[in-house]
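Read through the structure below, which is laid out as structure tokens, and then see the notes.
Values quoted throughout were computed directly from the atomic coordinates according to the rules given, and no laboratory measurement underlies them. Predicted, not measured: the structure shown is a model, and the values here were computed from it. In this analysis, Cβ positions are derived from the backbone assuming ideal geometry, glycine residues included, and neighbour counts consider all displayed protein chains.
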2 protein chains.
Amino acid sequence: MSDPATAARAGDRRALARLLTAVENRTPAAEAALRVLYPYAGRAHLVGITGAPGTGKSTLVAALIEEVRRGGRSVAVVAVDPTSPITGGAILGDRVRMQARATDPDVFIRSMASRGHAGGLAAASVTAAAVLDAVGFEVVFLETVGTGQSEVEVAAAADTTVVVEAPEMGDEIQAIKAGLLEVADLVVVNKGDRPGAQRAAAQLRAMLSAGVAPARPGRPAPKRPEVLITTATTGEGVAELLAATERHRARQLADGDDRTRLARAEAELMAALEHRLRARLRDPRRLAAGEAALRAIADHVLDPYTAADRLLATLAPE
Amino acid sequence: MSDPATAARAGDRRALARLLTAVENRTPAAEAALRVLYPYAGRAHLVGITGAPGTGKSTLVAALIEEVRRGGRSVAVVAVDPTSPITGGAILGDRVRMQARATDPDVFIRSMASRGHAGGLAAASVTAAAVLDAVGFEVVFLETVGTGQSEVEVAAAADTTVVVEAPEMGDEIQAIKAGLLEVADLVVVNKGDRPGAQRAAAQLRAMLSAGVAPARPGRPAPKRPEVLITTATTGEGVAELLAATERHRARQLADGDDRTRLARAEAELMAALEHRLRARLRDPRRLAAGEAALRAIADHVLDPYTAADRLLATLAPE
């Protein structure tokens, strides 16, 4: 038997699935595999797809998979699922629909639970995407329900971030949209066959040309994302969307813009550091000190910063 | 002029507002203030209110504020806003409605942006709640749009976690619900005057009595949260909801159950540790090494774990 990383790279899908579970749980086996796989990553086009519930993101991702396959490239999906590890997202209709591609060896779909990730969801998803990249998938979609901080971070960590809207969303959704738009490279109004789709697209274009966010000194100029209309259920506009993601990627490579890659690297590094710190806190030699610190914070006799400074003094490298 | 912590404790609301901004940004001034304030925290009842967009959470929080005030207690709200720091949540109608209490000195409302928190949103919100607790507010509501990982963590960090539902939500919302219900101490079907409210409550009760999650060895028994119906716009059921949160708190204190307090302490400690690590990485003496590590990870010549181990070796206490 070869090691999991080599097996996954050789096309063993069960080995890949087990490896991704190990990555989610940050096991020592996952670390060893990552050391092997990391040099092979960096080739895939990582596309984040995010939007509020009800915009039809999963159906759109399913349509994008078909489109990528029509072009002959292999494709993987990391779907960050808002449901719990237990109650699972596999029951969702959209997820089932995607399984239509279950027998295609050049399609791989992975759902990740959105809670319980040591070191954070964003880092775990990004690492999972790096694994799929390293084993040879040419396009990797990172699909999230973009209403939470972590989920927006996941989408923003992609090379190209697509924010999905739908016509006729409520007020609270509008507000969420404003936050999302700041991370968008492309904006899609899905459910394009519904009344109001053209109007929603026009409003978004006006909003975006006025500037989602004012330019700030020392910061890169705000994005001016293109607005497209799709109807994922019929496939209308999906080829154009995929082409737009490719244009974005080509521009990014031509500009030598590696901010997203550095941001991804920082998220992964911080997650690894935090993982190491947590492990050190749980080391039997330090467990009593760590527990005493937690108890003291909980009892409000010690503030977290003083506790952190004291613990760091005992966390010297071994 | 007294220091900000003392001024905030003496009732200076502008000093309090500035202090909370410092807490959001984790400035050195905030650390100093926290050292002063921390011993005074631990008295308030921290109530998390979470739910999907469109369930009427903010209106419910506004109604709860009125109810708490009717009982004579002081109340603060930390509203974790899904919108960006720039486009802001202050334009939302519900937030404006809450401002009706703006002239009441025993009510304080604070919106927090959901992105850009060094050390994470959950920790920043929990620390803000600790400050409000320390300056004397008797009830602190932590309101989040509960569809993301961080937002669920915020709500779950409260003493009492209330999950808000509404009748007639779509499929994707149903799935989100399953994840949320695991952290619920109380479940509320809001918009109780809509058709289907009673049926939704009955379904939730059936779902909850069947067990949201199976019991696992070594884990506490799954919660069996009470299900209530409210109509926040008319105030119907709001007094009962507040009473239920108080019963939950009383049971928790009687049982000596301090798991939520220890979990909060751990979140705050990890955030403080991460903050210290980030600061050390940005220390001029180490900046070059940190940037080289990021570049190497981004270029896939170094995996994050190896980079973390190397950096930790240079992060020895000073």
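How large is the Kirkwood hydrodynamic radius of region A:238-286, in angstrom, based on all distinct alpha carbon pairs?
Details: mean 1/r = 0.0725 Å⁻¹.
Evaluated over region A:238-286, this radius sits at 13.8 Å.
Sort shortest first the distances from B:R14 to its counterpart in every other copy, using label points 7 Å along the Cα-to-beta-carbon line, and give them in nm.
Computed spacing set for this position: 7.0 nm.
Rounded to the nearest 0.05, what FRET efficiency do B:R194 and B:R259 have when you use their Cβ-Cβ distance and R0 = 30 Å? Show your work: numbers first, answer last.
Details: r = 35 Å, r/R0 = 1.18.
My answer for the efficiency is 0.25.
Please work out the FRET efficiency for the pair B:D309 and A:E138, using the Cβ-Cβ distance as r and a Förster radius of 41 Å; give the result to the nearest 0.05. Could you put the intermediate results ahead of the total?
Details: r = 31 Å, r/R0 = 0.77.
Using R0 = 41 Å, I get an efficiency of 0.85.
Percent of Cα-Cα pairs per 5 Å bin, from 0 to the last occupied bin, for region B:1-41, please list those.
Answer for region B:1-41: a P(r) of 6, 28, 36, 26, 4 percent.
Within the set of other residues whose C-beta is less than 11 Å from the C-beta of A:D299, count the net charge using Lys and Arg as +1 and Asp and Glu as -1. Could you put the intermediate results ahead of the total?
Working: positive: A:R295, B:R261; negative: B:D258.
Every neighbour counted, the sum reads +1.
Working out 0.36 nm times the residue gap between B:V36 and B:E240, then minus their Cα-Cα distance, what length gain in nm do you get to one decimal?
Values: separation 204, 0.36 × 204 = 73.44 nm, distance 3.66 nm.
Taking 0.36 nm per residue and subtracting the Cα distance, the gain is 69.8 nm.
Among B:R276, A:R310, rank each residue by its count of other Cβ atoms within 10 Å, from fewest to most, as a rough exposure measure.
If I rank by nearby Cβ atoms, fewest first, I get A:R310, B:R276.
Have a look at region A:220-318 and give its Rg and Dmax from the Cα atoms, expressed in angstrom.
23.7, 61
Be a star and scan region A:264-290 for residues whose amide nitrogen sits under 12 Å from the point 7 Å along the Cα-to-Cβ vector of B:V301.
Under cut-off, by backbone N: nothing.
Computed FRET efficiency, Cβ-Cβ of A:R73 and A:D283, R0 45 Å: what is it to the nearest 0.05? Can you show the working numbers first?
On the way: r = 45 Å, r/R0 = 1.01.
E between A:R73 and A:D283, to the nearest 0.05, is 0.50.
List the aspartates and glutamates whose Cα lies under 14 Å from the Cα of A:K191, skipping any in the same chain that are fewer than 8 positions away.
Straight-distance partners of A:K191: A:E165, A:E168, A:E236.
How much net charge surrounds A:T230 when only the other residues with a Cβ under 14 Å from the Cβ of A:T230 are counted, with Lys and Arg +1 and Asp and Glu -1? Let's see the in-between values first.
Numbers: positive: A:K57, A:K191, A:R194; negative: A:E66, A:E67, A:E165, A:D193, A:E226, A:E236, A:E240.
Once positives and negatives cancel, what remains is -4.
Using the 7 Å Cα-to-Cβ label point, sort the distances from B:R70 to its equivalents in the other copies shortest first and give them in nm to one decimal.
So the distances to the same position in the other copies read 6.0 nm.
Could you give, in nm with one decimal, how far A:D257 is from each other copy of that position, shortest first, with labels 7 Å out from Cα toward Cβ?
5.0
Which whole-angstrom value gives the distance between the alpha carbon centres of region B:3-29 and region A:272-318?
26
How large is Rg over Rh for region A:261-318, taking Rg from the Cα atoms and Rh as the Kirkwood inverse mean of 1/r across Cα pairs? Walk me through the intermediate numbers first.
Values: Rg = 13.4 Å, Rh = 12.5 Å.
For region A:261-318, the value is 1.07.
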